[in-house]
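Report on the following structure.
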Amino acid sequence: MDPLLAFGFWAFVLTVAGVFAIFTLGLQVEVGDAGLINFGHVAFMAIGAYAMGLALIAGYPVWLGVPWALICGAVAGVLLGIPTLRLRADYFAITSIAAAEIVRITILNEQETTGGSLGLRQASGPWRDFNDDVLAFFSDLGIGLDRRVPLLVMVWVAAGLVALLLWYLGKTPWRRVLRAVRENEEAAAAVGKPVFAYKLQALALGSAIAALAGVFFTLQNTTLFPENFEPIVTFLAFAILILGGFGSYLGVVVGAIVISFIFAGTRFLDFPGLESDEVAALRLVVIGLIIMALMAFRPQGLFGKKEELHLDA
Amino acid sequence: MAVGATDSLPIAAGGGVEELLQTTINGLASGSILALGAIGLSLVYGILKLVNFAHGDFMTLGGYAAFVVNVTLGLPLIAAALGAIVVVAVLGLVLEWAIWRPMRNRGAGIMQLLLMTIGLAFVLRNLILFVWGGEVRTLDVDQTQAWHPFGLTISLNQVIVITAAGVVLVAVGLLLKLTRLGKSMRAMSDNQDLAEVAGINTGRVITYTWILSGSLAGLAGMFAAINTTLSPNTGWFLLLPIFAAVVLGGIGNAYGALVGGLAIGLVQEWSTMIFVPTYKEAVGFAVLILILLVRPQGIFGHRERTA
């Protein structure tokens, strides 16, 4: 059967897209709203994913694991931000990617806790039970659901809630001040706004959202490897952000679906005359070209507004 | 964090000094590769305000150019070095003319260009993966040849890398110190406006900066392939330690990058005396973060140069 018509294919691609949408909404807060070019965003997804995985393995219920993972992410964001947020933008970018690599290398090395390169396995227990309960509930109603449906629905509901939260914050003075800080730090400081505190709050919020993406990553994969959290994940989120547009939440959703389809979806499609690893290489070439072309000709992205763009150090 | 040398590390009796010498040799080999990469990255960063995240992939391309000449065509390493230099230098020039100059003329900002280099890094790395596949390659050097003076282990690979890279680093140092071109480069990196007022032909200097940066990146990629192995990720994995070297030496400061590269290489290897070796990259990154926090202008930089 044509893979494009299979339900499993779309369930997979759209779940990946949902995880990336949440992950990139977190990045949108940092880059789009606060002007913080965070190249280490993936570290907070890793922290959320491993926090959730360890909680599930220890047998804690899902509803307890999620806030625990979010708190871990937010605290990690604060810990990164306190020493680094005073740095110039290019220095902050380099520092954040180095910090994220330290997190990944630590996960790789602390085998006794994380499983290291062997992976954190079977991080599903309470989640699997919950999923079974949901499926049983619907089959009692006479609706037979695919096993993957509850997660697919939940990840997009969560993405919607995060977008709603950010939209609501957008109407509050908090985000207006944040944008003022982004546009002109000195001016914001001159009128007495605690610039550093605002940036730190944005980083903590963005990191907690990244941790939520990590939670769903764990629920989808149930096995975690350190190489799932290499810097390329952050750069894919930047590709989504650039495609969708800085400052646009709708853009993030559209960008997440497009990039996930290119990145994750094309592995199921046959391209005549090409080996699967060649296709794997070419799809990242395509993503690279998209980033370059958009940055060159439409740096505000498809849905972004030019006046929201703030890319200068 | 796992502190303390693990039992599995072979530490000879009388340990301390020998271990220090051995890690120093390893550190000089990896450090000279980082230094070669860092000089070009730092000059481009300083002169063109381009934070080139594709620099590691320039190195990888140099490694594969050397692989084609040395293994596919069966020519000696000297020819491979020339191949690596020419391919990456030409790539640098082509990209300057096709992308970076037009973007600069349109007034692109530093972060906009930086994100473009990330796209470029994706393109280069995966084109390399497409062409050569993901297998781990080595160059045609006798992998078993090694000497054991005083209980140390010095491989032929390390001898080649340390001597050849040493010669190149001295030559580049002299070029920057003594020639008019080198002085122009350093002047431009220091203060673009002053350099232009002083009558330096900035367009010409930019061309030579890309030639130098590309040549050194190509050589660094080849030496990395000799020192360890070659895969499409070789240069990308070296990029962050190279950034650490650039920052340590002060951005735009070529001498600083040279010393910074050696220092990061040595610190990473020395750290294996205290931490398990798999943490050594993390040590390099920790040094990077510490330097940026404590002395963002780098060890050799002047405070007034930071924005």
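Return one number: the angle in degrees, 0 to 90 and rounded to the nearest 10, between the long axis of the Cα atoms of helix A:89-109 and the longest principal axis of the Cα atoms of chain A. Taking Cα atoms only, the helix is inclined about 30 degrees. Mean-square fluctuations from a GNM of chain A, with a 10 angstrom spring cutoff on Cα atoms, peak among A:TRP127, A:TRP156, A:TRP167 at A:TRP167.
For the stretch A:15-229, what does the alpha-carbon gyration tensor say about shape, rounded, prolate or oblate, given a ≥ b ≥ c as the root eigenvalues, a/c under 1.5 as rounded, and a/b over b/c as prolate? Oblate shape, in that a/c is at least 1.5 and b/c is the bigger or equal ratio.
At a threshold of 8 angstrom on Cα-Cα distance, excluding pairs fewer than six apart, so keeping six or more, what relative contact order does the stretch A:13-81 reach in percent? Contact order relative to length: 25 percent. The residue among A:ALA69, A:LEU85, A:LEU56 whose Cα reaches farthest toward the positive pole of the charge dipole of the stretch A:45-145, with charges on the beta-carbon of Lys, Arg, Asp and Glu, is A:LEU85.
Each part reduced to its alpha carbon centroid, the stretch B:25-97 and the stretch B:171-242 end up 10 Å apart. Other protein chain C-beta atoms within 10 Å of residue C-beta, averaged over A:276-288: 5. Hey, what angle do you get for helix B:77-95 against the long axis of chain B, alpha-carbon based, 0 to 90 degrees rounded to 10? The angle comes out near 30 degrees.
Average accessible surface for the stretch A:15-229: 40 Å² per residue, computed with a 1.4 Å probe over protein heavy atoms with every protein chain in place.
Return the carbon/sulfur percentage of the accessible area of the protein assembly as shown, one whole number, probe 1.4 Å, all protein chains in place.
67 percent
Take each residue in A:157-163, count the other chain C-beta atoms within 10 Å of its C-beta, and the mean is 0. Between chains B and A, what is the buried accessible area summed over both chains (1.4 Å probe, protein heavy atoms, nearest 100 Å²)? Counting protein atoms only, the buried area is about 3800 Å².
Taking every alpha-carbon pair under 8 Å whose residues sit at least 6 apart, chain B reaches a relative contact order of 36 percent.
In chain A, the DSSP-assigned H stretches of four residues or longer account for a calculated mean residue ellipticity at 222 nm of -23500 deg cm²/dmol, using -39500 (n - 2.57) per stretch and the full residue count as denominator. Packing-based ranking of A:280-288, A:172-180, B:146-154 yields A:280-288, A:172-180, B:146-154, ordered from highest to lowest mean Cβ neighbour count within 10 Å. If you line up the long axis of helix B:55-67 against the longest principal axis of chain B, both from Cα atoms, how many degrees apart are they, to the nearest 10? Helix B:55-67 and the main axis of chain B meet at about 60 degrees.
The values are calculated or read from the model by the stated rules, or taken from the named source; none is laboratory data. These numbers come from a predicted model, not from an experiment. Note: ideal-geometry Cβ built from the backbone for every residue, glycine included; neighbour counts use all protein chains shown. Side chains are part of the model used for accessible areas, which takes the heavy atoms of the whole protein and leaves out ligands, DNA and RNA. Shrake-Rupley method; radii C 1.70, N 1.55, O 1.52, S 1.80 Å.
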